[in-house]
Amino acid sequence: MRSSSAKWKLRTSYFILSVLTVISVFPALWIILSSLKTGNSLYSDTFIPREFTFQHYIDLFEKTMYPVWFLNTLKVAFFSTLIGTFLLLFASYAISRFRFVGRKTTLKLFLVLQMFPGFMAMIAIFVLLNAMSLLNSHWALILVYSTGAIITNVFVAKGFFDTIPKSLEDAARIDGASHLKVFFSIIIPLSKPMLTYASLMIFNGAFVDFIFADLILRTEEQRTLAVGLYKMVSQRNSTEFTLFASGAVLVAIPVTLLFLFLQRFLIEGLTAGATKG
Amino acid sequence: MSSKGKAAALSTLLMGLGQLYNRQWLKGLLFLAAGLLGIYFFVFELYDYIWGLITLGETPSGFVKVGKLTKMVEGDHSIFMMIKGLVALLAALLMALYYALNIRDAYLVGAARAEGKRPHTFKQSLVMLEQKHFAYLVLLPPFIAIAFLSVLPLLFSILIAFTNYADPILPPANLVDWVAFDNFSKMINMKVWSKTFGGVLQWTIIWAVLATVTTYIGGVLVAILIHQPAIRFKKFWRTVLIIPFAIPNMVSLLVMRNMFNNQFGPINSYLNFFGLKGLPWLTDPFWAKVTVILVNMWMGIPITMILAFGVLTTIPRDLYEAADADGAGAIHKFRYITLPMVLFSTAPLLIMQFAGNINNFNVIYLLTNGEPVNIHYQFAGHTDLLVTWLYKLALNQSQFSFASVIGIFIFMIVATFSIWSYTRTRSYKEEDMIQ
């Protein structure tokens, strides 16, 4: 009796898990298959297309500015990650390690800044950049993303530094190493997991942001992938759906692979963020 | 007068003089140059900027008769004046801080000299900076970035809430004025605004609660499902089920928007295939709300699942063994061991996600764009959250002042929750325990 009910329980569990798996991967499968089917409409009478074609991917490179957008995105994401990670490390390290005048105020400032909806500042930045005629520039985006990165990740990073024993640095300081040396040769190598997490988050944020980028980038050749993709959907989704599908697949692939490969760091970072507040 | 007093007095008189008196030549000259720039700015520029910030301009654009010709004359641009005023104010504050530090420095070095110590050479000063004030040194770049790209824009937005900067009063054609709390009282008392605000606020709260609770419960349940000892290929299930989290949510939302398309989308096609009538997923007010919740579950469950799974693996086996020895059933073990352990460790996450969901712009904007339109609302639709409404008000309708008012409301809601939860987290209470 008992064993048969256990069997049932196990079977039901496997069944539920299988259903969940189907639901989880269905949208991805669907969009990949859609990008490979002939024609350009959203509607399809079969799940697996009758004919396969790579034409939409070719069109993407030949008829739209996709390659340019791709390079723009890489540039913006790369520099945002680089600058953002550095600023973040500096800020969180200082807050975690040093007890300076104004430290509590700094912590509170970060906390308050996190609570405002991001868009509020966005519009102001737009007016500000307009006044400085910096609109349509990638560097404006990079600076804003890097700054945003500090605010969103500072507590996770600080929490991480808090867990590195101070005795390590003290030893090096006694040996006469300067703060900068300690920071670069002891702290940075030890913070690889957090570094991976933070840079992945910043990279991803810059890679997929379409709201702010759309506001700042005024011409088609300056656009990033996310903006291009968003425009594709909002302007011509019903007529050129398959083209959008191939674009979506190409945008998703690098980020999805990064996430899956770096899963471990991601989970560590998220856990730290969730329990440390 | 003692030498430290003299140095301090000289530095008060003009930045850098005290340092020169202390025979710190290079440092003194650098300070002096900065000081002269500062004085120029204070005397010749600051007043205009502050005046601009206070009045927001007095000459409107218009046509002026010059002889026989009418000429278009550009007036004051209130918004640029406001921003410039803010920047100037911020710069002035930083300058004042620098000035105060300069006096303090002259005094301290003077005091050291009085004790017979040699003042630092410029090189030594730099080394001192790295040694003693490392925190400030490394905080400076992030701080400047935050001051100008985050604090300043926010201050600007907050100030906008107290002006009448909303269509049809738009610079440079019109001058903007300060109106104190008018916008706030309109938002609460004027029927068109208050009705929309009330409705959108209500849905925002319902959404935040439902979105948080569904993903949380879903995630914990899935984690428990996978964690059952009898389940095999745990790693496989985990990896497959994390896929929705790995796909950039901007892409998956745009894809979902097409999947839920009423006429051509696959979901309704399949329903038709099974002889069921398709549902108006994105066009009916009720079903649109259901759709955003469902899609949000799809995207949000994996994160909670992963975190809950992490907690489950840390629950000590002997707790269960002890329960077994006492003859506890599966339900009891779940109720008294698993659930409290998971809840305890993931509670901060719950609060964080709630705050995040109040500001969950992407899901709504990309999936429904706030639609279907609600004709009783002022520029908002049935599924609009406060954030998406804010965005529409500012960027599509140029109602900047009202958008700012909403931003401030959102801040107050989020701040209340965050402060409440933050003061309860360990990292705040036990800040200094680790070191």
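The values are calculated or read from the model by the stated rules, or taken from the named source; none is laboratory data. From a predicted model like this one, the values you see are computed outputs, not experimental measurements. In this analysis, Cβ positions are derived from the backbone assuming ideal geometry, glycine residues included, and neighbour counts consider all displayed protein chains.
Helices (runs of 4 or more DSSP H) fully within segment A:37-154 that include at least 3 residues being crowded, with 21+ Cβ neighbours inside 10 Å, at the interface with chain B (Cβ under 9 Å from one of its Cβ atoms) and at pLDDT 85 or above: A:66-97. Does segment B:379-387 include one or more residues that are crowded, with 21+ Cβ neighbours inside 10 Å, farther than 30 Å from residue B:164 by Cβ and in the same structural domain as residue B:195 (by TED's automatic domain parsing)? No, there is no match, as no residue in segment B:379-387 is crowded, with 21+ Cβ neighbours inside 10 Å, farther than 30 Å from residue B:164 by Cβ and in the same structural domain as residue B:195 (by TED's automatic domain parsing). Please verify whether segment A:178-186 includes one or more residues that are within 27 Å of the chain's Cα centre (by Cα) and either under 23 Å from residue A:78 (Cα atoms) or not in a helix (DSSP H, G or I) (or both). Yes, segment A:178-186 contains a residue that is within 27 Å of the chain's Cα centre (by Cα) and either under 23 Å from residue A:78 (Cα atoms) or not in a helix (DSSP H, G or I) (or both).
Taken as a whole, segment B:214-232 holds no residue that is aromatic (Phe, Trp, Tyr) and under 28 Å from residue A:233 (Cα atoms). Against the conditions (1) in contact (Cβ under 8 Å) with a residue 12 or more places away in the chain; (2) farther than 23 Å from residue B:223 by Cα, where does residue B:373 fall short? Just the number, please. Here residue B:373 clears every test but (1).
Filtering segment B:392-409 to residues that are within 9 Å of chain A (Cβ to nearest Cβ) and crowded, with 24+ Cβ neighbours inside 10 Å leaves B:394, B:400, B:403, B:404, B:406, B:407. Go through (1) surrounded by 18 or more Cβ atoms within 10 Å (Cβ to Cβ); (2) in contact (Cβ under 8 Å) with a residue 24 or more places away in the chain one by one and return the number of the condition residue B:20 breaks. If we test residue B:20 against (1) surrounded by 18 or more Cβ atoms within 10 Å (Cβ to Cβ); (2) in contact (Cβ under 8 Å) with a residue 24 or more places away in the chain, just (2) comes out false. Quick one: is residue B:126 assigned to a helix (DSSP H, G or I) and more than 17 Å from residue B:35 (Cα to Cα)? Judged against the criteria, residue B:126 is a match.
For (1) over 31 Å from the mean Cα position of the chain (by Cα); (2) facing chain A (nearest Cβ under 9 Å), each residue gets a yes or a no:
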| site | (1), (2) |
| --- | --- |
| B:250 | no, yes |
| B:272 | yes, no |
| B:304 | no, no |
| B:314 | yes, no |
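Cβ separations smaller than 9 Å between residues 6+ apart or across chains give the following pairs from segment B:127-145 residues that are more than 16 Å from residue A:177 (Cβ to Cβ) and within 8 Å of chain A (Cβ to nearest Cβ) to residues that are of a type in the set (Lys, Arg) and assigned to a helix (DSSP H, G or I): B:135/A:97; B:135/A:103. The lone criterion from (1) surrounded by 15 or more Cβ atoms within 10 Å (Cβ to Cβ); (2) of a type in the set (Val, Ile, Thr); (3) under 30 Å from residue A:139 (Cβ atoms) left unmet by residue B:144 is number (1).
The single residue among A:207, A:212 that is among the aromatic types (Phe, Trp, Tyr), within 8 Å of another protein chain (Cβ to nearest Cβ), out of contact with any Cys (no Cβ under 8 Å at 6 or more places or on another chain) and within 22 Å of residue B:252 (Cα to Cα) turns out to be A:207.
Residues considered: B:51, B:25. Of these, the only one that is closer than 30 Å to residue B:2 by Cβ and of a type outside the set (Val, Ile, Thr) is B:25.
Criterion first (within 12 Å of chain B (Cβ to nearest Cβ), touching a residue at least 12 places away in the same chain (Cβ under 8 Å) and in contact with a helix residue (DSSP H, G or I) (Cβ under 9 Å, 6 or more places away or on another chain)) does residue A:233 satisfy it? Taking the combined requirement at face value, the residue does not satisfy it.
Within segment A:156-178, the set of residues being facing chain B (nearest Cβ under 10 Å) and in contact with a Leu (Cβ under 8 Å, 6 or more places away or on another chain) comprises just one member, A:164.
Please verify whether segment B:294-304 includes one or more residues that are buried (at least 21 other Cβ atoms within 10 Å of the Cβ), modelled with pLDDT of 85 or more, assigned to a helix (DSSP H, G or I) and hydroxyl-bearing (Ser, Thr, Tyr). The answer is yes, given that some residue of segment B:294-304 is buried (at least 21 other Cβ atoms within 10 Å of the Cβ), modelled with pLDDT of 85 or more, assigned to a helix (DSSP H, G or I) and hydroxyl-bearing (Ser, Thr, Tyr). With A:57, A:66 as the choices, which residue is touching a residue at least 24 places away in the same chain (Cβ under 8 Å) and more than 23 Å from the chain's Cα centre (by Cα)? Only one candidate qualifies: A:57.
Of B:308, B:355, B:288, all but one fail to be touching a strand residue (DSSP E or B) at 6+ places or on another chain (Cβ under 9 Å) and in contact (Cβ under 8 Å) with a residue 40 or more places away in the chain; the exception is B:288. Whether any residue in segment B:55-67 is in a loop (DSSP other than H, G, I, E, B), surrounded by 14 or more Cβ atoms within 10 Å (Cβ to Cβ) and under 28 Å from the mean Cα position of the chain (by Cα) is what I want to check. Yes, segment B:55-67 has at least one match.
Look at (1) over 30 Å from residue B:388 (Cα atoms); (2) within 14 Å of another protein chain (Cβ to nearest Cβ); (3) modelled with pLDDT of 85 or more and you find that residue B:325 fails only one, number (2).
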